[in-house]
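Comments concern the structure below.
Derivation of every value follows stated rules applied to the coordinates shown; laboratory data play no part. If you're wondering where the values come from, they're calculated on a predicted model, not measured in any experiment. With ideal geometry, Cβ positions are generated from the backbone for all residues, glycine too; neighbour counts draw on all protein chains shown.
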Amino acid sequence: MNEGHVLAKAKRALRKRMLITRRALSDEVRGEYSAAIVEKLFSHEVLMRARTVFAYAAMADEVQTEALISRLLTMGKRVAIPLVTGKNIMEAALVPSMDALEYGAYHILTVKEVQREIVLPLEIDCVLVPGVAFSMDGARLGMGGGYYDTFLPKAPQATKIALAFQCQIAKNIPRLPHDCGVDWIVTERGVFKTGNNK
């Protein structure tokens, strides 16, 4: 078995373990931690300086982002969220207002089709990155679809900030050459600069 297969197997095992950990949080605790993470995020100078923010619409067990998106819009920020357009491919769909959002697949918010406008990756200043696990060297473990690993290289100028619960921080994450990392991690316990090389 070659190194790639070994790493892929290790990633699958870690993903399974970390998803169980994340999903074990109660709705109450998840909501409390999410609110704390959002407050810490809004003290981050990178976010405050950013004109265009690529956020994400959260799944039920992720750090919740609806209030975050609303607050960014209220501040006058240009906000986009993912729009899946093909296998491993997503684009950044502009959010003109909270009224432009509707629930799509997997009960995840998406921009209504009639109101969709695509934001070019090079226009994005800050990407808020979801994930299953992160490590302090900036490594990220996603759901395995490869969407962010395909998208992030198109926005090399953007600062990548992971939003995660503290229980999602792993000591080590197996990393393949194409795996994209993050520059900062924000959890309910603090804001951490990673060792990721941009």
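Of note:
- Comparing 83, 128, 120 in a Gaussian network model of the chain where C-alpha atoms under 10 Å apart are linked, the largest mean-square fluctuation is found at 120.
- Listed residues 7, 58, 139: farthest to the positive end of the dipole of the range 3-193 (Cβ charges): 7
- In the chain, the longest principal axis of the Cα atoms and the axis of helix 27-41 are about 70 degrees apart.
- Annotation: the residues 44, 107, sorted from fewest to most other C-beta atoms within 10 Å of their own C-beta, follow the order 107, 44.
- Within the range 47-146, trypsin sites (Lys or Arg not before Pro) in DSSP loop having at most 13 other beta-carbon neighbours inside 10 Å: 51, 87, 112
- Violating pairs (Cα-Cα greater than 30 angstrom) within the set 11/112; 11/87; 77/154; 16/87: 11/112
- Rounded to 10°, Cα long-axis angle of helix 3-23 versus longest principal axis of the chain: 60
- Top positive-direction residue, dipole computed over the chain with Cβ charges, set 157, 83, 196: 196
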